[in-house]
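Chemist: Let me give you the structure first, and then I'll get to my questions.
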Amino acid sequence: MTERENLWAPWRIGYIQGLDKNSASKERKSDCFICHNFQTPEEDDKNLVLWRTDKAIVILNRYPYNNGHLLIAPARHIPDLSDVSDEENLEMMKLIGQTQKALSLAIEPQGFNVGMNFGRCAGAGLPGHLHIHVVPRWNGDTNFMAVCSDTDVISQSLTELLDLLKRISAEHNLPNI
């Protein structure tokens with residue numbers, strides 16, 4: 001039997017410890033960090049907001065699966081795709097393409113995972129506010145849901161990446177919605 005390797009990810013503890021708190025609050029809109037971010041544009045840098053439009057927001061994930069992990073969410077606090085308007089859906093789909101472009105220019109990933117989780121049992125960390133994950137990928141990087149041995153971890157601070165993405169966004173007129 002081979003010795004098991006550990007990958008330390010101390011930034012995840014805040015998320016893990018907050019699970020019970022979020023469950024206890026029944027996912028109230030007042031407890032939603034996405035809604036908070038929409039209501040506080042003056043705190044965009046602190047809240048890691050990359051872009052905002054009338055209908056959606058793009059935020060760096062504080063608990064990323066990989067470097068460059070972004071969240072795209074509608075402005076409205078809605079839990080399911082069945083609640084999304086055609087306009088919101090189109091805006092978020094366009095933002096997926098724009099985030100892929102910005103991330104490609106900034107950190108040159110070799111691929112992307114784009115996905116959604118509905119309900120806590122499906123992995124949703126914030127089941128009350130629908131959001132889309134855009135996760136850059138590289139050959140040999142971490143598995144999307146599980147950390148494996150012999151994994152290369154790409155390290156970059158969230159604020160450094162936010163600054164880089166904002167600079168590239170300005171240079172390339174992104175998002176171009």
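Chemist: How many residues are buried (at least 18 other Cβ atoms within 10 Å of the Cβ) and more than 11 Å from His131 (Cα to Cα) if we restrict to region 66-95?
Modeler: Matching residues across region 66-95 total 7.
Chemist: Then there is this: Do you know which residues across region 106-137 are over 13 Å from the mean Cα position of the chain (by Cα) and surrounded by fewer than 16 Cβ atoms within 10 Å (Cβ to Cβ)?
Modeler: Residues satisfying the conditions are Glu108, Gln110, Gly111, Phe118, Gly119, Arg120, Cys121, Ala122, Gly123.
Chemist: Among residues belonging to region 30-87 that are of a type in the set (Gly, Ala, Ser) and in a strand (DSSP E or B), point out the one that is farthest from Ala124 (Cα to Cα).
Modeler: Here is the first cut: in region 30-87, the ones of a type in the set (Gly, Ala, Ser) are 30, 56, 68, 73, 75, 82, 85.
Checking the rest, the ones that are also in a strand (DSSP E or B) come to 56, 73.
Details: Ala56: 19, Ala73: 13 Å.
Applying the filter and picking the extreme gives Ala56.
Chemist: Let me ask something additional. Residue by residue through region 73-97, note down the ones that are in contact with a helix residue (DSSP H, G or I) (Cβ under 9 Å, 6 or more places away or on another chain) and hydrophobic (A, V, I, L, M, F, W, C).
Modeler: Residues satisfying the conditions are Ala73, Ala75, Ile78, Leu81, Val84.
Chemist: Just to be sure I understand the filter: pairs with C-beta atoms under 7 Å, separated by 6 or more residues or on different chains, first member in region 111-124 and more than 25 Å from Trp138 (Cβ to Cβ), second member among the charged types (D, E, K, R) and exposed (fewer than 15 other Cβ atoms within 10 Å of the Cβ). Which pairs pass?
Modeler: Phe118/Asp80
Chemist: Looking only at region 1-40, filter to residues that are charged (D, E, K, R) and within 18 Å of Gly128 (Cβ to Cβ); which one of those is modelled with the lowest pLDDT? So that I can check it myself, show each step before the final result.
Modeler: Pass one, region 1-40, residues charged (D, E, K, R): 3-5, 12, 20-21, 26-29, 31.
Checking the rest, the ones that are also within 18 Å of Gly128 (Cβ to Cβ) come to 20-21, 26-29, 31.
On the way: Asp20: 56, Lys21: 54, Lys26: 50, Glu27: 55, Arg28: 64, Lys29: 68, Asp31: 82.
Here the answer is Lys26.
Chemist: Let me ask something else about it. Is it the case that Ile154 is at pLDDT 75 or above and either in a loop (DSSP other than H, G, I, E, B) or closer than 21 Å to Ile59 by Cα (or both)? Break it down stepwise before answering.
Modeler: Numbers: at pLDDT 75 or above: no; either in a loop (DSSP other than H, G, I, E, B) or closer than 21 Å to Ile59 by Cα (or both): yes.
For Ile154, the condition - at pLDDT 75 or above and either in a loop (DSSP other than H, G, I, E, B) or closer than 21 Å to Ile59 by Cα (or both) - is not met.
The values are calculated or read from the model by the stated rules, or taken from the named source; none is laboratory data. Here the structure is a predicted model, which is why all the values come from computation and not from measurement. In this analysis, Cβ positions are derived from the backbone assuming ideal geometry, glycine residues included, and neighbour counts consider all displayed protein chains.
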